[in-house]
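A.B. asks: After the structure tokens below, expect a handful of questions from me.
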Amino acid sequence: MISNVAAEVQAFTSNAFLVEGERRVLVDTGAGFDVVSVIDAHGGDLDAVVLTHTHPDHIGNAADLRNAYDVPIYGYDTNHDAVDEPLADGDVLQLGDHEYEVLHTPGHAEDHCCFYADATGVLFAGDLVFQNGGYGRTDLPGADRRTLLESIESVLDVIDEDLRELHTGHGPSVTEDAFQHVELAARSARAR
């Protein structure tokens, strides 16, 4: 089961997805809200946190989670204080009951990663792509539109039309025609 524990938060934050199952993992921590109380309300305890990237809205609650649950925080940029354990392109990690491939997808941020489970057709896209063809900002330090487009196209090479769920860093998750939303994001990024 996947739930966005930041769904009701009014502060500026990223989504934060609790993936339940054999290995309880939070994808991104969100920022500016009491994530520990929310996790506790969902049964408490975590096995790990994985980060799509280290922008403040995605890692703001990292220290609180580390203190409350003593969990490792995985991310691509091991030089960042929020990251305890490294992720690399092609790594496989367990979220909930399924294995996800780490896809390094720079462009919005140099350390950006997506997580994809082929067996279940689930993609955690962070700020790479959003619903209705949106895609991550490229006007921030370390961002680059051409690199972002290349990352979207590399994800399209891995996923297929059986993509069932697209969980994004902001806005609603997509559970119908998810592949088309990623394709539309690539077309939108090419057109700019």
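A.B. asks: List the residue pairs whose Cβ atoms are under 7 Å apart, where the first residue sits in the stretch 163-187 and is free of Cβ contacts under 8 Å to residues at least 40 places away in the same chain and farther than 10 Å from A125 by Cα, the second is acidic (D, E) and buried (at least 20 other Cβ atoms within 10 Å of the Cβ), and the two are 6 or more positions apart or on different chains.
C.D. replies: none
A.B. asks: Which of the residues that make up the stretch 141-166 are touching a helix residue (DSSP H, G or I) at 6+ places or on another chain (Cβ under 6 Å), within 21 Å of I2 (Cα to Cα) and buried (at least 19 other Cβ atoms within 10 Å of the Cβ)?
C.D. replies: Of everything in the stretch 141-166, those that are touching a helix residue (DSSP H, G or I) at 6+ places or on another chain (Cβ under 6 Å), within 21 Å of I2 (Cα to Cα) and buried (at least 19 other Cβ atoms within 10 Å of the Cβ) turn out to be L163, L166.
A.B. asks: Consider G126 against the criteria (1) touching a Phe, Trp or Tyr at 6+ places or on another chain (Cβ under 7 Å); (2) crowded, with 22+ Cβ neighbours inside 10 Å; (3) not acidic (D, E): it satisfies all of them except one. Which criterion is unmet?
C.D. replies: Single failed check for G126: (1).
A.B. asks: Kindly list the number of the only condition in (1) farther than 19 Å from L163 by Cα; (2) part of a helix (DSSP H, G or I) that fails for N132.
C.D. replies: Every condition holds for N132 apart from (1).
A.B. asks: Can you name every one of the strands (runs of 3 or more DSSP E) wholly within the stretch 1-77 that holds 2 or more residues which are in contact with a Pro (Cβ under 8 Å, 6 or more places away or on another chain)? Walk me through it before giving the result.
C.D. replies: Values: elements: 2-4, 17-19, 25-27, 48-50, 73-75.
Strands (runs of 3 or more DSSP E) meeting the threshold: 48-50, 73-75.
A.B. asks: Another one. Looking at D97, D64, which is the one that is at pLDDT 95 or above, under 23 Å from V174 (Cα atoms) and more than 16 Å from the chain's Cα centre (by Cα)?
C.D. replies: Only one candidate passes the filter, namely D97.
A.B. asks: In addition: Scan (1) touching a residue at least 24 places away in the same chain (Cβ under 8 Å); (2) in contact with a Phe, Trp or Tyr (Cβ under 9 Å, 6 or more places away or on another chain); (3) in a loop (DSSP other than H, G, I, E, B) for the single condition D160 breaks and write down its number.
C.D. replies: Here D160 clears every test but (1).
A.B. asks: Closer than 24 Å to E8 by Cβ, at pLDDT 95 or above, β-branched (V, I, T) and in contact with a His (Cβ under 8 Å, 6 or more places away or on another chain) - does that describe any residue in the stretch 151-169?
C.D. replies: no
A.B. asks: Next question. May I ask you to verify whether T138 is β-branched (V, I, T), without any contact (Cβ under 8 Å) to a residue 60 or more places away in the chain and surrounded by fewer than 17 Cβ atoms within 10 Å (Cβ to Cβ)? It would help to see each step written out before you state the result.
C.D. replies: Numbers: β-branched (V, I, T): yes; without any contact (Cβ under 8 Å) to a residue 60 or more places away in the chain: yes; surrounded by fewer than 17 Cβ atoms within 10 Å (Cβ to Cβ): no.
No, not satisfied.
A.B. asks: Here's something else I'd like to know. State which residue is surrounded by the fewest Cβ atoms within 10 Å (Cβ to Cβ) when the search covers only the stretch 25-40 and only residues that are under 20 Å from L95 (Cβ atoms) and of a type in the set (A, V, I, L, M, F, W, C).
C.D. replies: The qualifying residue surrounded by the fewest Cβ atoms within 10 Å (Cβ to Cβ) is V36.
A.B. asks: Related question: Can you tell me which residue among E99, E110 is in a loop (DSSP other than H, G, I, E, B) and free of Cβ contacts under 8 Å to residues at least 40 places away in the same chain? Talk me through it step by step, then tell me what you get.
C.D. replies: On the way: E99 fails: in a loop (DSSP other than H, G, I, E, B).
That would be E110, the only listed residue that is in a loop (DSSP other than H, G, I, E, B) and free of Cβ contacts under 8 Å to residues at least 40 places away in the same chain.
A.B. asks: Here's a check for you: in the stretch 58-85, which residue that is closer than 26 Å to G142 by Cα and either hydrophobic (A, V, I, L, M, F, W, C) or in contact (Cβ under 8 Å) with a residue 60 or more places away in the chain (or both) is surrounded by the fewest Cβ atoms within 10 Å (Cβ to Cβ)?
C.D. replies: Taking the candidates together, the pick is A63.
A.B. asks: Does E153 fit the bill of being in a loop (DSSP other than H, G, I, E, B), within 18 Å of the chain's Cα centre (by Cα) and over 18 Å from H98 (Cα atoms)? Steps first, please.
C.D. replies: Working: in a loop (DSSP other than H, G, I, E, B): no; within 18 Å of the chain's Cα centre (by Cα): yes; over 18 Å from H98 (Cα atoms): yes.
So E153 does not fit the description; no.
The values are calculated or read from the model by the stated rules, or taken from the named source; none is laboratory data. The model shown is predicted, which means the values in this text are computed figures rather than measured ones. When we count neighbours, we look across all protein chains shown, and the Cβ atoms used for this are built from the backbone with ideal geometry, even at glycine.
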